[in-house]
1. What does a probe at A264 reach in the range 42-60, counting residues whose amide N is under 16 Å from the point 7 Å along Cα→Cβ?
2. Distance in nm between label sites at E121 and A219, each 7 Å beyond Cα in the beta-carbon direction?
3. Based on Cα coordinates alone, diagonalise the gyration tensor for the range 72-246, multiply each eigenvalue by 5, take square roots, and list the semi-axes in whole Å, largest first.
4. At 7 Å along the Cα-to-beta-carbon direction for both L278 and F332, put a label point, then send me their distance in nm to one decimal.
5. Can you figure out the FRET efficiency of F285 with T255, using R₀ = 45 Å and their beta-carbon distance, to the nearest 0.05?
6. When the Karplus curve 6.51 cos²θ - 1.76 cosθ + 1.60 is applied with θ = phi - 60°, which whole-Hz ³J(HN,Hα) does each residue of the range 228-233 get, with x for Gly and Pro?
7. Gain in length, L162 to A92, computed as 0.36 nm per residue apart minus the alpha-carbon separation, to one decimal in nm?
8. Can you list residues whose amide H is under 5 Å from N132's amide H, if they're 5+ apart or on another chain and H is modeled 1.01 Å from N?
Amino acid sequence: MINPVELFVGLRYLRAKRRTRFVSFITLISLAGVALGVAALIVILSVMNGFEGELRTRLLSMSAHGQIASADGASDDWRSLHRSVLEHPGVAAAAPLVQMEGMIQSGRELRAVLAHGIEPEYESTLSEPPLNLLEGTLDSLQPGSRKIILGRLLAVDLGLYLGDAVVMLIPRPAGDGTLRPVLERFELSGVFEAGLQEHDASLALVSASDAAAILGLGAARSAVRFRAYDVMAAPQIAAELREQLGSDVVSSDWTIENASYFRAIRIEKMMMSLILSLIIAVAAFNIVASLVMVVTDKTNDIAVLRTLGMRPAGVVKVFFIQGAVIGWAGVFIGVALGIVLAINVPVIVPFLEQTLGFQIMPGDVFYVTRIPSELESADVTTIAISAFLLTSLATLYPARRAAHVNPAVALRYE
């Protein structure tokens, strides 16, 4: 327990005398370093969270939060499976899917393609936000129409315009276990842009009935995709549906299908946190240095306090209070500054771009042209607690050194 005398002396030592202005300057630098490090960590992690959310939104714009499929392959009774998925309280929408891979050709250009066979009436409820169609509509994908909608980059690579014809080469399973190539002619009826190269350069949308006919599935569908009310709950919903429907089905979700993307972001966040934590560490070393200088300067004062009856533990508390106030004030200022900056990143960045006359993320290079920010209370709490602990630990060595001052030796020549 800290008594009033220890608190008074500790706070009093924060005020520098004229001959110890340098010590006060080091103290101010230490406080500023802690504040800068904490603020930078909060802003950078918020920006990384924003990019993660932006990536998740773009990935899920052309796919669902999860999907349920028959363990034996395509399901003839997909309507019943669709109803079962929709009955789950966490599912907002569901739609059937027929998926096929192959090659697409226009003139002499040949590209790999992943085709999604969809039902427009179901797909319109599944996409949230709605699919960004630059040209055409989903309603053009009617059974037997042989219409196709391509990603923007794929359409550009093939040099296609609305109404142009393309040929798809699809490997179709044969009865003897081999694959037989099937050539199908489609007409381009739309172009979409998901804002993600993986989708825009290799994905195509066709009618589910046309895709099923090409693969010889008849009325069957490959899987039923679903959208959850809470995207973060999708893995749990997929597991519950798999358990509910039994061993006849298999499930997947967006965290499994896109694991490599989000693993890369987590590694980047961890490395950025470690690098920026060095700022706080340097500031903590400055606190140690400034307190050691204070201990050296206040040796006679410490000896007097010891002579008047203050115990070594009391001396430790005096200098702990001094160092803790510096560190904790820096953390408080850093948290406040970091929160304000993180919230206003969408305003600050355009202002800087306009003032400095350049664009940080030009649209001809990046899909994301703005810097997003998503402040999470868990990150702020973790950073604040870690900085509190680090700055508090930084006071222990100088405080213990002050406690070991020998009054007799210090006052020998006084």
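1. Correct set: 48-49, 51-60.
2. Placing both labels 7 Å beyond Cα along the Cβ direction yields 1.4 nm.
3. Semi-axes (√(5λ), whole Å): 28, 20, 13.
4. Result: 3.1 nm between the two label points.
5. On the way: r = 40 Å, r/R0 = 0.89.
Here the calculated transfer efficiency is 0.65.
6. Using θ = phi - 60°, the values come out as 8, 5, 10, 4, 6, 8 Hz.
7. Gain on extension, L162 to A92, equals 21.9 nm.
8. E193
Throughout, read-outs are computed from the coordinates displayed, never taken from laboratory work. These numbers come from a predicted model, not from an experiment. Please note: Cβ atoms are built from the backbone with ideal geometry, for glycine as well, and neighbour counts cover all protein chains shown.
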